[in-house]
Structure formats: C-alpha cells, structure tokens
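What follows is a short report on a single structure.
The values are calculated or read from the model by the stated rules, or taken from the named source; none is laboratory data. What you see is a predicted model, and the numbers here were worked out from it, not measured in a lab. Neighbour counts are summed over all protein chains in view; Cβ atoms, including those assigned to glycine, are modelled from backbone coordinates with ideal geometry. Calculation scope for accessible area: heavy atoms of the full protein, side chains included, ligands and nucleic acids excluded. Shrake-Rupley method; radii C 1.70, N 1.55, O 1.52, S 1.80 Å.
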Amino acid sequence: MSIPEMQACLARLYVDDAFLRLFEVSGDSALSQYRLTEAERSAISGIDRVQLRLFADSLKAKRKPRFEIPFSMLFKINKAALSRHYDRFYNLRRIGPHDIQFDLTMEFGKFLEEALAADEDLPCYAGDLAKYERLYHSARFNPRAAGPLADVVDGDGAPAEALLGEMYPVLRPGVEVGEFEYDIRGVQEAMERGEIPDRTDRGKFHVAFVPSVPPRRAKVFRLTPATHQLLSLCDGRSPLSEIVDELQGTLGESDLRESIIGAIRRLLNLGVVELSHS
Amino acid sequence: MPEATSSLSEIPFLGSGIGFRRELKKRLFELHEEVDFVEIITDQYREDPRAMEELEEVCGYFQIIPHGVSLSVGSAGPLDREYLRFIKSISDLTKAPYYSEHLCMTRAPGIDIGHLSPLWFTEDILRNTIDKVNQIQDYLGKPLILENVTYSFEIPNAPMSQTEFFNRMVDATGCGVLLDVTNVYINSVNHGFDPDKFLDEMPMDRVVQLHLAGGYWSNGFLIDSHSEVIQDGSWEILEKVAAKANPKGSILEHDRNFPEIEELLASLQKARDILGWTKRQERSYEAQAPQETKPILASIAQAG
C-alpha cells in the first residue's frame, strides 16, 4: 500500500476544484497522477461523489468568513463578484499547513487590489478599497506589531528643546500609511450612512491606520499632504532638527519649526510616531 | 502494559464543562461555579500573542483541557515538530492532565485541508498512528485522548473497521478515547448503523472524556454544526454511554448561534444527571489560579 500517495490524492480532491472536476469527469485521468495500488484506486473511486463534492464545497465555505470579514465593505458592495474572486484565490493559492491566516488575509487583499482594479462589475474605487481594508486589518491584527498605545509619549508635555536634538521620530511598528487614488475614507463614511457610492473623488489621498486600545482595534486618520510629507521623513534615521530643515526647504517656507513640532506632538499623541534615540 | 495506561487511571474527575468561546467569556466568568471545567481549541492561541494573555486569565477561573485540531495523527509522514512544541506550551501552561485531539487527517504535504477528514483504516495507517501517538505522549509527558469524528462519506473497502482501529490503537499505546456522543449519533443517522453496536465495539473502558453538541438537518443529512440545542438522539446515546463507561468529564460544544448562558448551563446539568454526577462531587484536581489573578478574583466577587 502507498498510503502517502493515497492521502495526498484525497487531500487534493478535497481542496482543488479543478482536480475534483477532473476526477468527476474522468476518474482514471485524475488518479493516474498518483502511484496507487489497485485497492486504493478502487477505494477512492468508490467514494460517494455527491458527498465528496459537498465536503469539498464545505471546506471552501468554512474558510470564506476568514477572508470575507476583513473585506466586509467590498463584499457588501457586490457579494457575487467578491465570492467569484474568493473562489479564484482559494484555488490559485493552495493553503498549506504552515500558513498563517493573517498572512493569507494580506495576500488576498493584494490579490483583490490587482483583480478588482479592472473588474467592471465593481465601482472604479474597488481596488483602492481592497488596499484600504487590507491596511486597516493589518493595523488591527498584525501579530508582529508593537503593543498598544499604553506607552505613547505624552507629546504635549514634552518641551520643544527635548524633542529636538538627538531624538529621531519614526513610524510606530504596526502603523500603516496608505496612498490612494480615490477618497476611500469618504466611501467608508458613505457606507456607514447606509449608502454605496457609485464613484468618489479622485486624486491623491493619504491615510494612516493606527493600532489602538483595546487590542484588535485601529483608528484611521486622513493625512494632509504636508503631514504625509512629514511622516515620510520620519524614518528613524533623521533627527527632528534635520526634518524641520528639509521640510522647510521642500515647502519653500522658513518659519515652520513650531508648526512641525506641533504636528509631531499631535502624531505622538495619536500613536502614529514614536521617538527613538538613534 | 504501556505506561500511559496507568496515567489514564490517574486522570482526576473533572465533571461537566463547556467549550470556552470568547463570546461566552463574560458570563462564564460570572457563573464560573456552575461550570466544572472548560475546553479550549488549542489552535486559536497560535497566531495571536495577545490570546495567550487571555488564556492565562481563563486559567485563573477554570481547569482547562486543551483540544487540538491540527495534529493529523492519521496522516502518513512525520509529526510537525513546531506544532508539537506549541501544543506542549499550551498543555504545560494549563497544567492539563491530558491532551485531546482527533483520529483523522487534516493535512497532506503542501495542503492544509482545513477540517477533520476521515481515515481509511488499514494496517499501515494503524502502525503509523501508533508510532505518532507514542511520540506525542512521550513528548507531552501525559496521555493523549483521541476523538471519533463525523464524516460525510466513507472511504469504502477499508481493511478494518473504525472500532477495531480504536481498540488496537489504545491497546498498543495506552492512549485514551474522547467519545463524541453527538458524532456517534450523527454518523449512525447519516450512515445507517446501530449506535448500540458501535458503542459495544468501542474500547469503552478507555473513554476519558465525552463531547456533546447540537446540529441541524440539511437535505436529509444531519450536520455537526455545534450551533443548536442537543438533539434527543444524542441524549439517548449518552444514557447508553453512562451504563458502559466511566468518563472523567463531559464537554458541551457550542460554537455559534449562542442561546442565553442559562440554557447552556441547563445542558451541563442534564449531562451531570444522566452520568450520575453532582456539581459538588469532590474533585481530586484543583484548578490552580496564578497568584496575580487571585486578588482580581476577590475584587470581582466583592463587586458582584
């Protein structure tokens, strides 16, 4: 008996739509891909095909909520279209024993960004919405991110002199900043009012997704172009004094120091950035 | 006699408990004296580091039995050592007297099936399973008990029956049985066999723990959904089990569509009544609350 071959064949029948359909149409063609004894071939061929199909479908359906919930806005807009894309992802991306659901969710989100950008059954902003929901989920659930906001520096209380000098602002681990072609925040607000907009403003929009307390929550902030530019300079390698100089140079302004320090304080308070010593 | 058999007899009485679900947490903590012990799904604590903090909190209220879904003891090929390390960490943290899993296959190379799938009961798979069970018990340092699963189809022409497989496996390893009473009922209904005969053929002297749950009908098939009131058929089989076995504990599994907690507690009490247990029955194992949670428990009691 070649049990590993038989079990590999069975497992594939359970999770591979195309292989199951081949088995249903031509059992010999499917089973020939595995080195099976006559007894094993006969046993697999004797499985109730209806129940086998129902079992395979139930496995796909069982996993679906784990992908549907993080992308609930998209599924609300067009469940049939999103279900089609889920089916496709399920069959293209064979889920293995060592896969982590968070990583799978991120992969599905990136898959949707690409797939929905050209899907005529969905609004023009659908690809961006996939990115938005992916980043929101990441801020909430990334198991590799930092702890909650309990250790945020009190930005308001820190004097300017203490913030300048050798302090290096950096994005807090777990914070995601996304750039969008469409005003997805506006789409979310419309959906919260019970509407599903056909279109939304187009341009360049930046949003920060910030893990918050209690755990598994996140806050979402629209960023002005200037704030986004400031955040892009907070790489943990530039002291605040240099960031002030660079931003003043970029914006062509010479007296922005207090405004920038104020913005850093706000970003500290919101948990978007933290200060490191190097 | 395999060493684990003597360990089975050392397993303390646990009583009537419930599967711990986050949706029930608040009420379970409030009514913890009505629940003798809880069962957790080990895998739910794997990906989220914050979940471990919650688990420690639950340890402060209940004796926990960890129940896994990914060991795939019936699969050919080696054990997943990384997963084994993980379940040992949970088993040790909860100070559980045993670890429970399923007699099934959940993976193949490159494939996570995502659900418990039936085995084809052969000599090769029996040998492989015995070897794996021995490895797991040696590594965990405690008994493993394995559950009978539901199956929507049988793989025909198996060289041996499931009950023969169970008997030979427990004899060779000293492991125990987690008898899912509802799974016996569901399989007997869906596949047309006599549950009495099934119970007579199972190694009932090795039954350590029971499961009970409620399912629903779909297209003439009873689905093991863990979402409904326990069917009469399950209770009837439990009465037969009470006459044939001496389990240490029984767990009610309810995963969604939650009723009021009082309904669930009533099912716990019904199980106690059928099995001849009382809530006040002396337990030989005391749940050990971490020191830092005891002041918290005291303040909750005062506030309540």
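Details
- When the residues B:K270, B:K26, B:K132 are ordered by accessible surface, computed with a 1.4 Å probe over the protein chains alone, the sequence from largest down reads B:K26, B:K270, B:K132.
- Estimated vicinal HN-Hα couplings, Hz - region A:83-99 in sequence order (Karplus 6.51, -1.76, 1.60; Gly, Pro = x): 5, 5, 5, 5, 4, 5, 4, 4, 7, 7, 10, 5, 7, x, x, 9, 6
- Computed [θ] at 222 nm, deg cm²/dmol, chain B (DSSP H ≥ 4; -39,500 (n - 2.57); rounded to nearest 500): -12500 deg cm²/dmol
- In this structure the amide hydrogen of B:I251, modeled in the peptide plane, comes within under 5 Å of the amide hydrogens of B:G17, B:L210, B:H211, B:L212, none closer than 5 places in sequence on its chain.
- Considering only B:R27, B:R206, B:R50, the mean-square fluctuation computed in a Gaussian network model of chain B, springs between alpha carbons under 10 angstrom, is largest for B:R50.
- Relative to its residue count, chain A spans a Cα convex hull of 175 Å³ per residue.
- Computed over the protein assembly as shown, Kirkwood Rh from alpha-carbon pairs, angstrom: 27.0
- In order along region A:130-142, the phi-based Karplus estimate (6.51 cos²θ - 1.76 cosθ + 1.60, θ = phi - 60°) of 3J(HN,Hα) comes to 4, 5, 4, 5, 5, 5, 5, 5, 4, 4, 7, 10, 4 Hz; Gly and Pro are listed as x.
- Loop-resident trypsin sites (Lys or Arg not before Pro) (DSSP state other than H, G, I, E or B) in region B:75-127 with no more than 15 further Cβ atoms inside 10 Å of their Cβ: B:K95.
- Region B:1-99: relative contact order in percent, alpha carbon pairs under 8 Å with at least 6 residues between: 26
- Rg over Rh for region A:1-100 works out to 1.05, both radii taken from alpha-carbon positions and Rh defined as the Kirkwood radius.
- Unsatisfied cross-links (Cα-Cα over 19 Å) in the set B:K95/B:K248; B:K142/B:K244; B:K25/B:K88; A:K62/B:K25; A:K64/A:K110; B:K248/B:K270: B:K142/B:K244; B:K25/B:K88; A:K62/B:K25
- Formal net charge of residues neighbouring B:D224 (Cβ-Cβ distance under 14 Å; K, R +1; D, E -1): -3
- Gyration tensor (alpha-carbon) shape descriptor, region A:196-245, a/c threshold 1.5: oblate
- Among A:T250, B:T163, the order of accessible area from largest down is A:T250, B:T163, computed with a 1.4 Å probe on protein heavy atoms.
- Each of the GluC sites (Glu not before Pro) that DSSP puts in a loop and that has at most 11 other Cβ atoms within 10 Å breaks chain B; the longest unbroken stretch is B:1-259.
- Between amide H atoms placed 1.01 Å from N, distances below 5 Å from B:V177 occur with B:L146, B:V207, B:V208, B:Q209, all of them 5 or more places distant or on a separate chain.
- Under-5 Å amide H pairs with B:D112, H placed in peptide plane, nonlocal only: A:I95, A:G96
- Ranked order, B:D194, A:D28, B:D205 - accessible area, probe 1.4 Å, largest first: B:D205, A:D28, B:D194
- With contacts taken as Cα pairs under 8 Å at a separation of at least 6 residues, region B:94-244 carries a relative contact order of 20 percent.
- If the Kirkwood radius is taken over C-alpha pairs of region B:218-259, then at 10 °C and 1.306 mPa s the Stokes-Einstein diffusion coefficient equals 130 µm²/s.
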